[in-house]
Each structure stands twice: as C-alpha cells, then as structure tokens.
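Trainee: Please find one structure pasted underneath; my questions will follow.
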Amino acid sequence: MKQIVIFALIIFVATGIYAENPGSFAMQNIYSRNTTSLNGSWQSIIDPTNNGEWRQVWKEPVIENNHQFFEYSFDGGPTLNVPGDFNSQLPELKFYESTIWYRRHFNLEPETGKRYFLHFGAVNYKAKVYLNEEEIGTHEGGFTPFQFEISNKVKPGQNTIVVWVNNRRSKDGVPAEGYDWLNYGGITRDVHLVTTNQTYIDDYFIQLKKGSKNEVDGWIKLNGQQKSQTIKISIPELNRELSVRTNPDGHAKVNFAADFDLWTPENPKLYEVIIEAESDKITDRIGFRSIEVDGTQVLLNGEAIFMKAINIHEENPFTEARAASVADNKILLDWAKELGCNMVRLSHYPHNEMMVRMAEEMGLMVWSEIPVYQHINFENPQTVELMNHMLREMIHRDKNRCAVVIWSVSNETYSSPARDKANIGMANICREMDPARLVSKAFSNQSYRNNTFDVWDTLTCHFDVLSINEYIGWYIPWQGEPSDIKWNFVCEKPLFISEFGGESHYGSNHGPKHMAAYWSDEYLENIYKNQVKMFDATPNLVGVCPWLLVDYRSTSRLHPVYQSGWNRKGLISDKGMKKKAWHIMHDYFMRK
Ligand code: GCB
C-alpha cells in the first residue's frame with residue numbers, strides 16, 4: 001500500500017501542473033523595501049525519487065522514545081548557496097533534474113502592526129514552501145518572482161523555512177521537455193523576508209503614455225485595510241510633485257506632464273521617483289521614453305532607431321553556472337556594450353531583475369521573453385494558463401523599466417490553431433497590461449527557397465514587430481548571393497532578425513577551415529560576412545540580433561570534440577576569447 005502511495009506521489013510531482021495556491025504577484029520593487037536577506041547557506045536533502053514527500057521532511061524529527069528513527073535529516077547533509085543553481089554546486093548534481101529540499105532558519109521578533117512576506121526572486125522550476133512545518137504555497141515557473149504573506153504564521157524567535165524544489169521537465173511545462181540550454185535548478189535568485197506596514201504600496205506603473213514624450217499615464221495600488229490615502233509622487237530633479245487620492249479599492253490614477261530628459265541608449269537618463277503614501281514610501285529610478293511603430297519603422301522618442309542587439313543566456317561561462325550576481329550580469333552586459341549594441345535580447349526567459357536594471361543604466365534596450373519555446377503543449381488549457389500567468393508575472397515585475405521596449409510571448413512555435421490562439425491571447429495580455437510597449441514573438445520555419453525568404457505565417461500579422469530566427473549558412477545553405485536575397489511578407493511590419501549565426505570552436509584547427517563540420521572560426525566568420533551582405537539588401541530591417549554573445553552549456557550538444565555539452569554559437573568562447581565573427585559584427589554595429 002505504502003508503495004502505491006509513493007508511486008502516486010511521484011507521478012503527481014512529475015506530471016502535475018502546479019496551479020493551486022499560486023504565490024500572489026510579488027510586490028513591486030523589492031529593492032526599496034524593508035528587507036532581511038535570507039540568502040546564504042541553506043541546508044539541503046537531495047531526493048532524486050521524491051521520497052521526502054511521504055516522509056514529510058518539512059517536519060522536524062522529534063525523537064520521543066528509543067524505538068524511533070527518522071530516515072531523513074537536514075543536519076549533516078550538504079549545504080547549498082542561495083541564490084544559485086544547485087547543478088553547479090556539487091559534482092553529483094551537474095545534470096540533476098529532480099527534487100532538492102532546502103532548509104534554513106531565521107530569527108524574528110514580530111512587531112504588532114507589521115506584515116511579513118517571504119519573497120523569492122525565482123525558483124526553478126516548481127517550488128512548494130513550508131514555514132514552521134506548515135505548507136504556505138506553491139509556485140510553478142523558474143524565472144519570475146513570487147511571495148507569500150506569513151504575518152499570521154511567523155512566531156517570536158526561531159522560524160524555519162523548508163522549500164521543496166523540483167526542476168524535472170514535463171511535456172506540459174513551460175518550457176516543455178526539449179530546450180537548448182542547461183536546466184539549472186534550485187533557488188536561483190534572492191530570498192527576502194519583507195516587513196511592511198499594515199497598508200503598503202503594492203504596485204505602480206509610472207511610464208509615458210503611448211506616443212507621448214512628456215505625459216505620464218500610470219497608476220498606484222495599495223494593499224491593506226487603509227485603502228483611501230493621499231499619495232504624493234515627486235521627482236525632485238524636475239521639481240515636480242503631485243498628489244493623488246486612492247479610491248476605496250486602493251487604486252489611484254497618476255497623470256501628469258513634465259519636461260523629461262528622455263532615456264536613450266546614448267543618454268540613459270533615470271530620475272529618482274518618490275512615491276509617498278500615508279503608510280508607506282517607495283523610491284525608484286525611472287526613465288521616460290516613447291517606443292512606437294510607424295509603418296515599417298520603430299521609433300524611439302519619435303525617431304527611427306536600428307536595434308543593434310545580441311542574444312544572451314543568463315549564464316556565467318567562467319563559473320559554468322546560472323548568472324546570479326551583479327558581477328555575473330556585468331560580465332555579460334559589458335561584452336554587449338563592447339560589441340556596439342544598443343539592445344539585448346534576454347533569452348529565453350525573464351532574467352534576474354538586476355540584469356534588466358543594469359541594462360537600463362548602461363543604455364541597453366531590452367527584449368524580454370517567457371520560455372514558451374518550441375515544443376510547447378498549446379493543446380493543454382492548463383499549460384496555456386501557466387504561460388499566461390508567467391507572462392503576467394514578467395510584465396508585472398519589469399513594467400517600470402523603460403529599457404524594456406519589447407515583450408515577446410514565445411520563441412519558434414509550430415503552426416496550429418491552438419498555437420495561434422494562445423499566442424494571440426498572450427499578445428492581448430501584453431497590450432492590456434501595458435499599452436505602451438511593443439509586442440513580438442520570434443518566428444522560425446518560414447520558407448527560404450530560390451534565395452527568397454517567404455514569411456507566410458499569418459500569425460506574424462498580430463505582432464508589432466516581425467521577428468525572424470534564420471540560420472542561413474548554418475542549418476540552411478545559401479540559395480544564391482546574399483546581396484540578391486528577396487523577401488515576401490504576408491504582413492508588412494518592421495523586421496527584426498532575432499537570431500542567426502552558427503557554431504565554431506574557438507581556435508579549432510583540426511580540419512579544413514572552410515567546412516562547418518570542423519567548427520572553424522573561419523567558417524563562422526564567413527557566415528557573418530554573408531549575413532551582413534544580406535542585411536544590407538533586406539527591406540524593412542529595423543534590427544539584428546546574433547545568436548549569441550557567449551558559448552553556453554546545453555545538454556543537447558553532443559559532439560565530443562567541438563561541443564562537449566556546449567552550444568558553440570557564441571561570438572565569444574567559454575573562455576572569454578573573441579572569435580573572428582565578433583569583429584564582423586562589431587564593424588557592422590559601428591557603421592549602423
Ligand atoms: C534556435 C533557438 C535557440 C537555439 C538555436 C541553436 O533557433 O531559438 O534557442 O539554441 O536555435 O543554437 O540552434
């Protein structure tokens with residue numbers, strides 16, 4: 001009987017969609033809150049077959065008689081650093097995809113009149129959180145923040161958090177089972193204990209109205225009993241101050257004009273914005289800019305802009321780990337700047353919030369996307385619900401970052417009515433939640449024959465920017481002179497080449513330089529030379545984005561000599577060496 005129960009639990013964990021008690025949207029701007037970091041060393045139990053579920057490892061073993069024993073313990077087990085993926089922390093976890101239990105204690109003397117929250121920057125992929133032996137909630141999705149209120153659950157003195165984390169793939173997950181990056185599991189981002197007053201500023205949207213260069217059109221939302229409050233919004237540098245009153249639901253509209261020095265890549269101007277309610281105060285750094293499409297152009301602050309972008313995975317190649325620190329982010333974004341970029345595509349999932357904030361400070365526009373990737377199960381309504389939720393969580397977190405100019409809802413999905421319906425649904429969610437930004441998705445599998453690129457997919461008509469992943473010269477051979485390429489579009493839109501490239505193993509000198517099979521730098525360089533010729537002949541082109549900045553780890557790359565578990569399409573090698581193709585791209589960006 002016990003075995004049946006265990007089996008049932010394992011099946012549930014492996015396949016179930018986690019939708020009950022999903023963590024509420026995390027509060028806006030964790031950096032401006034009264035927080036205690038719960039980062040650091042957490043105890044762990046490695047549980048490949050999910051036995052901890054029925055053993056109830058979130059309960060502290062209490063030995064009451066001399067016949068009792070417990071087949072689990074956090075004490076004496078390995079410790080894991082938070083934030084951080086578990087795969088890179090212990091050799092035996094290198095490719096681990098299953099359950100790890102995390103535990104840590106914290107001390108608190110709860111104050112009357114205060115509220116307490118546990119805030120997780122992200123846990124990949126599913127999390128179930130226990131506080132003092134009681135389950136407080138679950139979350140599914142590896143790249144977005146979530147929180148649980150624990151005001152009525154914390155006790156004076158020592159409190160204990162246990163988190164069940166599981167990064168097993170599933171066909172109904174987002175992403176699903178197949179994807180081309182390392183499935184870094186664990187509590188990969190910061191954990192905070194947040195203290196607020198009874199009513200706190202939960203969320204706000206302070207950005208320019210679509211098409212305007214001086215009018216802010218936003219809102220503020222309170223959470224708590226004291227819903228009607230006067231809120232002061234000020235921008236000291238502009239000598240601007242206004243007061244609004246929240247309605248009985250705790251909402252207030254914010255509308256004002258000011259003479260902003262607009263954010264651009266050349267002048268990434270941010271202002272200190274202070275939002276002061278009667279019971280809370282938040283400070284943020286916010287930039288103002290407009291982003292629109294006009295015919296086949298993209299306009300930043302009313303002027304046509306060419307998006308000089310680069311794809312980035314959230315990985316530090318030197319540590320072979322998920323990028324989790326400011327220093328990790330900086331390595332990647334410094335390279336993007338050095339390449340001459342004015343934009344980064346943070347692929348294929350929302351990166352950590354500091355990455356987005358740093359990009360903004362550095363003058364890099366951001367394309368942000370959710371991991372709706374290739375073989376996703378659009379037929380399952382729960383999967384669609386999950387992707388919608390992830391999309392909302394992403395927009396919710398980063399909607400005040402003016403650097404984000406494009407929300408992207410998916411990457412390379414395969415044509416079907418269910419796919420179209422889900423993608424259109426997601427585009428609508430973007431527009432409802434955030435009317436001020438552009439919406440896109442990256443398309444592949446359009447046809448390229450007789451040197452003509454035929455964009456036939458009518459789903460492209462539903463997006464502001466047409467984004468195409470094409471690997472001409474790598475997965476598909478050239479069908480003529482790159483400079484003679486022709487394009488047919490089912491809908492005329494600004495065209496962004498969201499991926500192109502090929503692989504090379506830096507310094508490969510094993511075979512003929514002109515053959516792809518030997519992963520030579522020269523072969524890749526030649527792909528880039530031809531791509532640049534093609535770009536110059538491509539109509540409606542508003543930007544290009546090589547795949548990608550740095551070689552990165554992927555379990556789907558099996559060549560033992562040239563790949564050994566790395567996708568080698570980086571312009572920079574895993575050791576930080578610039579390939580020849582880097583210089584072609586750098587020169588192109590310099591002249592654009
Ligand atoms: C793609 C995917 C990207 C892959 C890349 C490749 O089209 O969007 O995630 O990793 O191709 O390397 O093949």
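The values are calculated or read from the model by the stated rules, or taken from the named source; none is laboratory data. Nothing here was measured: the structure is a model prediction, and the numbers come from that model. Note that we place each Cβ from the backbone using ideal geometry, even for glycine, and neighbour counts take in every protein chain shown. We work out accessible area using only protein heavy atoms, side chains counted, and drop any ligands, DNA or RNA first. Shrake-Rupley method; radii C 1.70, N 1.55, O 1.52, S 1.80 Å.
Trainee: Report, as a whole number in µm² per second, the diffusion coefficient that Stokes-Einstein gives for the chain at 25 °C and 0.890 mPa s using the Kirkwood radius over alpha carbon pairs. Please list the in-between numbers first.
Mentor: Values: Rh = 25.3 Å.
This corresponds to a translational diffusion coefficient of 97 µm²/s.
Trainee: Using 29 Å as the Cα-Cα cut-off, could you pick out the over-long pairs in 126/421; 126/441; 513/575; 94/580; 330/569?
Mentor: Details: 126/421 26 Å; 126/441 25 Å; 513/575 21 Å; 94/580 31 Å; 330/569 21 Å.
Over 29 Å apart, Cα to Cα: 94/580.
Trainee: Another one. At a 4.7 angstrom Cβ threshold, list every cysteine in the chain that has nobody to pair with, or say none.
Mentor: Cysteines of the chain left without a disulfide-compatible partner: 341, 402, 430, 545.
Trainee: Output wanted: per-residue J couplings in Hz (rounded whole) for the range 480-497, from phi through Karplus 6.51 cos²θ - 1.76 cosθ + 1.60, θ = phi - 60°, x for Gly and Pro.
Mentor: x, 5, x, 6, 9, 4, 10, 10, 10, 10, 5, 9, 7, 9, x, 9, 10, 7
Trainee: Continuing with the same structure: Whole-Hz Karplus ³J(HN,Hα) for the range 579-592, in order, using 6.51 cos²θ - 1.76 cosθ + 1.60 and θ = phi - 60°, x for Gly and Pro?
Mentor: 7, 4, 4, 3, 5, 5, 5, 4, 4, 4, 5, 5, 8, 7
Trainee: Size of the dipole of the range 520-592 about the Cα centre, Lys and Arg at +1 and Asp and Glu at -1 on the beta carbon, nothing else charged, in debye to 20?
Mentor: 100 debye
Trainee: Around residue 50, which amide H atoms from residues at least 5 apart in sequence, or from another chain, sit under 5 Å from its own amide H, with H modelled in the peptide plane?
Mentor: The answer is 99.
Trainee: Sticking with this one: May I ask you to list the GluC sites (Glu not before Pro) in the range 323-423 that are in a DSSP loop and have at most 16 other Cβ atoms within 10 Å of their Cβ? Before the final figure, lay out the partial values.
Mentor: Numbers: sites: 338, 353, 360, 361, 369, 379, 385, 393, 412; in loops: 379, 412.
Listed in order of number, the matching sites are 379.
Trainee: Loop only by DSSP, 13 or fewer other Cβ within 10 Å of the Cβ. Give me the GluC sites (Glu not before Pro) in the range 27-101 that pass, ordered by residue number.
Mentor: 64, 71
Trainee: If the convex hull of the alpha-carbon atoms of the range 306-591 is projected onto planes in all directions, what is the mean projected area in square nanometres?
Mentor: So the mean shadow area of the Cα hull is 14.1 nm².
Trainee: Over the Cα atoms of the range 188-231, what radius of gyration and what Dmax do you get, in Å?
Mentor: That works out to 14.8, 39 Å for Rg and Dmax.
Trainee: Hand me the chymotrypsin sites (Phe, Trp or Tyr not before Pro) from the range 393-446 located in a DSSP loop with no more than 13 other Cβ atoms within 10 Å, in residue order please.
Mentor: Here the chymotrypsin sites (Phe, Trp or Tyr not before Pro) that fit, given the DSSP loop and packing criteria, are 414.
Trainee: If you rank 195, 79, 413 by how much accessible surface each has, with a 1.4 Å probe, what is the order from largest down?
Mentor: 79, 195, 413
Trainee: Taking 0.36 nm per residue of separation and subtracting the Cα-Cα distance, what length does fully extending residue 177 through residue 221 add?
Mentor: Net length gain for the segment: 12.1 nm.
Trainee: Over every pair of different alpha-carbon atoms in the range 98-196, take the mean of 1/r and invert it; report that Kirkwood radius in Å.
Mentor: 14.3 Å
Trainee: Report the charge-dipole magnitude of the chain in Debye, nearest 20, computed about the Cα centre from +1 at each Lys and Arg Cβ and -1 at each Asp and Glu Cβ.
Mentor: Working: 61 positive and 73 negative charges, 58 e Å.
That gives the chain a dipole magnitude of about 280 debye.
Trainee: Please name which of 96, 165, 120 has its Cα lying farthest along the dipole of the range 40-189 towards the positive end, using unit charges on Cβ (Lys, Arg +1; Asp, Glu -1) and the Cα centre as origin.
Mentor: Positive-end residue among those listed: 120.
Trainee: Can you tell me the accessible area per residue over the chain, all protein chains present, probe 1.4 angstrom, in square angstrom?
Mentor: 38 Å²
Trainee: How many nm separate the modelled label positions at residue 238 and residue 294, each set 7 Å beyond the Cα in the direction of the Cβ?
Mentor: The answer from the label model is 2.2 nm.
Trainee: With the full set of protein chains in place, find how many percent of the accessible area of the chain is carbon and sulfur; take the probe as 1.4 Å.
Mentor: Values: 11190 of 22400 Å².
Here carbon and sulfur together make up 50 percent of the probe-accessible area.
Trainee: For the full complex of protein chains and a 1.4 angstrom probe, list 32, 554, 73 by accessible area with the highest value first.
Mentor: 73, 32, 554
Trainee: Also: I'd like the FRET efficiency for residue 210 and residue 249, computed as 1/(1 + (r/R0)^6) with the beta carbon distance as r and R0 of 25 Å, rounded to 0.05.
Mentor: 0.50
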